[in-house]
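First the structure, in the form of structure tokens, and then the observations on it.
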Amino acid sequence: MIEIEKYYNKNDWENLVDLCRDNWIDNEQQIELLDSLKGLKDLAIVIWTTHKFASQYWIGKEIPALDNLRPIDCIENERLLRRLKVCLLRTP
């Protein structure tokens with residue numbers, strides 16, 4: 001287990017969300033993503049920015065950087081949610 005969640009920095013995350021915010025326009029696909037992520041809008045904004053129309057697919061896919069967890073599986077656990085956020089912070 002990599003445990004990248006120990007590198008989580010709240011200020012870095014909030015800065016990324018702010019940078020991505022202009023990509024959110026409340027279209028149908030974005031609302032569906034937000035619903036899938038149980039209303040975690042900051043997460044939805046960043047995932048939409050990094051994955052666009054593949055976002056719904058991506059959250060259901062096993063991701064090696066998450067120790068082969070699916071992003072959707074990370075939202076119910078605070079430690080795993082931090083891991084997901086660090087993964088997104090590292091996404092080019």
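The values are calculated or read from the model by the stated rules, or taken from the named source; none is laboratory data. Nothing here was measured: the structure is a model prediction, and the numbers come from that model. Quick reminder, even Gly has a Cβ in these numbers, built from the backbone with ideal geometry, and neighbours come from all protein chains shown.
Checked against the criterion of being without any contact (Cβ under 8 Å) to a residue 40 or more places away in the chain and either over 14 Å from Arg90 (Cα atoms) or in a loop (DSSP other than H, G, I, E, B) (or both), the candidates Lys38, Lys6 yield just one match: Lys38.
Can you tell me which residues in the range 9-33 are among the hydrophobic types (A, V, I, L, M, F, W, C), in a helix (DSSP H, G or I) and out of contact with any Leu (no Cβ under 8 Å at 6 or more places or on another chain)?
Answer for the range 9-33, where residues must be among the hydrophobic types (A, V, I, L, M, F, W, C), in a helix (DSSP H, G or I) and out of contact with any Leu (no Cβ under 8 Å at 6 or more places or on another chain): Val17, Leu19, Cys20, Ile31, Leu33.
The condition (being touching a helix residue (DSSP H, G or I) at 6+ places or on another chain (Cβ under 9 Å), modelled with pLDDT of 95 or more and exposed (fewer than 13 other Cβ atoms within 10 Å of the Cβ)) is satisfied by just one residue among Gly39, Gly60: Gly60.
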